[in-house]
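Student: If you scroll down you'll find the structure; I have some questions about it.
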Ligand SMILES: Cc1cc2nc3c(=O)[nH]c(=O)nc-3n(C[C@H](O)[C@H](O)[C@H](O)COP(=O)(O)OP(=O)(O)OC[C@H]3O[C@@H](n4cnc5c(N)ncnc54)[C@H](O)[C@@H]3O)c2cc1C
Ligand code: FES
Ligand code: FES
């Protein structure tokens with residue numbers, strides 16, 4: 001297999017080739033410090049404020065897709081094979097881009113610090129092509145913070161411009177851009193650096209397995225939405241980085257009759273329509289997971305592998321009885337996802353072993369699913385608590401219950417005592433629910449931290465189970481929500 005000792009990407013109409021890329025170099029530092037392109041701002045340096053948003057163009061099924069990315073936590077090596085567009089280059093032929101003009105017309109900028117990031121988010125929305133409504137715009141800019149203008153004029157700028165097929169310099173040269181990216185799409189294994197300090201991006205699972213065996217101390221990186229912060233905030237030194245993003249098979253999301261398989265490097269953006277298709281509550285959870293920028297880079301595999309007790313996808317996937325496929329060298333194995341999480345910071349994964357894919361069964365006709373995320377902010381906030389529930393109901397009775405919570409223990413964990421208390425009860429018998437609610441006290445001694453007290457977590461866990469049972473019983477379901485109404489299935493009366 002060919003090894004390439006440089007990264008290559010498109011920037012300002014040229015192919016840039018770099019062979020001196022450090023494993024911890026960020027895209028933002030390269031732009032601002034190496035190229036002097038100061039339009040892209042640095043605010044928080046941790047993916048939260050969106051000031052550093054730029055657009056990254058990638059080929060997907062032969063078509064170019066522009067997505068917003070936080071450059072502050074994107075490693076430079078990760079942009080191999082992509083196109084970078086920043087706010088510095090948006091005006092074309094002496095004219096502002098349509099989204100920039102609209103921001104002027106709607107008075108969408110005051111101090112201006114957030115403006116480059118907003119403009120780039122709007123640029124990617126503009127390139128989604130298609131009329132947008134206010135909710136779509138709000139979801140799209142949820143990862144951009146503005147302290148002075150307020151969001152209405154910015155959303156108005158989007159509504160005024162994102163009307164249909166894009167008509168700008170990028171749409172005019174889409175064929176040319178696509179063919180440049182196709183030229184960069186080789187199957188070489190990227191390895192930049194030395195055996196002691198390197199950025200590597202293998203092109204196949206075999207090459208990844210072999211490299212990780214040789215370097216068990218290397219850090220695997222999917223989207224770097226966690227690892228990026230280890231560098232910028234925790235100031236860790238990570239001399240060996242292995243990026244999984246170039247491996248096409250790990251991006252695959254396959255939909256079968258019984259379920260899905262999601263490659264470990266598939267981003268939320270790539271997986272969300274299939275995962276969200278399992279149940280509208282999963283689509284709602286994904287809408288609130290991070291921001292558009294985080295979902296464009298972050299992976300489901302990374303959300304599992306990081307072992308966080310408050311990751312949003314693990315409780316949902318555990319309740320769906322998902323299985324994890326792992327590989328070390330030539331040896332592959334397959335475990336129930338719930339068995340992967342052993343204790344805080346401890347997972348069932350040996351040195352040099354990596355997540356290959358996740359299998360997620362679909363819901364059967366007699367199964368009711370619900371999940372609810374509780375966080376301090378509605379958008380782009382880590383959960384204080386997430387409850388996921390699957391009830392198998394036959395003849396009005398609960399034949400089987402699976403319940404899992406994030407934020408209630410040191411790991412995402414099932415509520416086994418509550419599950420068995422629900423076994424065999426009549427779904428509509430709310431008196432019988434009480435035993436399960438009380439059993440949650442056996443299942444958990446909740447964690448207590450600045451996100452939520454132990455008491456709040458326990459009370460809320462009970463409330464979420466009650467809500468799931470109320471909705472599953474279908475009695476007062478129209479009173480249980482103000483958002484996430486399951487596509488109108490549960491209309492709000494608030
Ligand atoms: C602003 C912001 C908001 C966020 N909001 C949320 C949120 O609402 N909900 C939520 O759950 N998370 C949230 N996160 C956390 C993060 O986005 C998720 O955990 C994401 O899924 C991590 O995926 P990644 O690919 O970016 O992981 P990375 O940062 O690349 O890696 C994370 C961990 O997984 C390991 N890893 C990656 N791939 C593999 C593999 N194939 N095999 C073995 N190990 C692997 C890495 O070594 C590392 O330990 C947020 C992050 C940010 C910056
Ligand atoms: S600087 Fe705040 S998201 Fe990058
Ligand atoms: S215009 Fe000042 S932060 Fe948005």
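Student: Can you give the angle from 0 to 90° between the axis of helix 152-161 and the longest principal axis of the chain, with both taken from C-alpha atoms, to the nearest 10?
Tutor: 70
Student: Considering Cα pairs under 8 angstrom that are at least six residues apart, work out the relative contact order of the range 252-479 and quote it in whole percent.
Tutor: For the range 252-479, the relative contact order is 17 percent.
Student: While we're looking at this one, here's another question. Sort the range 318-458 into rounded, prolate or oblate with this rule: let a ≥ b ≥ c be the square roots of the eigenvalues of the Cα gyration tensor; rounded if a/c is under 1.5, and if a/c is not under 1.5, prolate when a/b is larger than b/c, oblate otherwise.
Tutor: Oblate.
Student: Shifting gears a bit: Using a Förster distance of 41 angstrom, determine the FRET efficiency expected from the C-beta separation of residue 14 and residue 410, and round it to 0.05.
Tutor: Efficiency for this residue pair is about 0.25.
Student: Stretch residue 3-residue 454 to full length: gain in nm at 0.36 nm per residue minus the Cα-Cα span?
Tutor: That pair, residue 3 and residue 454, stretches by 157.2 nm at full extension.
Student: Now a separate question. Angle, helix 454-473 long axis vs. longest principal axis of the chain, Cα atoms, 0 to 90°, nearest 10?
Tutor: Here the helix axis deviates by roughly 80 degrees.
Student: Using only Cα atoms, find the angle between the long axis of helix 430-443 and the longest principal axis of the chain, and express it within 0 to 90 degrees, rounded to the nearest 10.
Tutor: The answer is roughly 60 degrees.
Student: Another question, then. Would you order 458, 1 from fewest to most other beta-carbon atoms within 10 Å of each residue's own beta-carbon?
Tutor: Ranking 458, 1 by Cβ neighbours within 10 Å, fewest first, gives 1, 458.
Student: Could you tell me the distance between the Cα centroids of the range 388-418 and the range 14-28, to the nearest Å?
Tutor: 46
Student: Using alpha-carbon positions, what is the distance between the centroids of the range 450-483 and the range 135-192, in Å?
Tutor: That distance is 37 Å.
Student: Given the Cα-Cα distance of residue 113 and residue 339 and 0.36 nm per residue of separation, how much length would full extension add, in nm?
Tutor: The residue 113-residue 339 span can extend by a further 76.8 nm.
Student: Rounded to whole Å, give me the distance from the Cα center of the range 301-356 to that of the range 221-253.
Tutor: 16
Student: Right, next: For the range 1-73, place one equal point scatterer on every Cα, skip the solvent, and apply the Debye formula. What is log10 of I(q)/I(0) at q = 0.25 Å⁻¹?
Tutor: These q points yield log10 I(q)/I(0) values of -1.30.
Student: Rounded, prolate or oblate: which fits the chain, taking a ≥ b ≥ c as square roots of the Cα gyration tensor eigenvalues, rounded meaning a/c under 1.5, else prolate when a/b beats b/c?
Tutor: Cα axes put the chain in the oblate bin.
Student: Here is a follow-up. If you take the square roots of the eigenvalues of the alpha-carbon gyration tensor of the range 365-443 and sort them as a ≥ b ≥ c, do you get rounded (a/c under 1.5), prolate (a/b over b/c) or oblate?
Tutor: Prolate, since a/c reaches 1.5 and a/b exceeds b/c.
Student: Working out 0.36 nm times the residue gap between residue 257 and residue 167, then minus their Cα-Cα distance, what length gain in nm do you get to one decimal?
Tutor: Fully extending the segment from residue 257 to residue 167 adds 28.5 nm.
Student: In what sequence do 342, 382 fall when counting other Cβ within 10 Å, fewest first?
Tutor: Arranged by neighbour count, lowest to highest, 342, 382 become 342, 382.
Only the coordinates and a few stated rules stand behind these numbers; no lab work does. Computed from a prediction, not measured in an experiment: that's the story for all the values here. Every residue, glycine among them, receives a Cβ derived from its backbone with ideal geometry; neighbour counts consider all protein chains shown.
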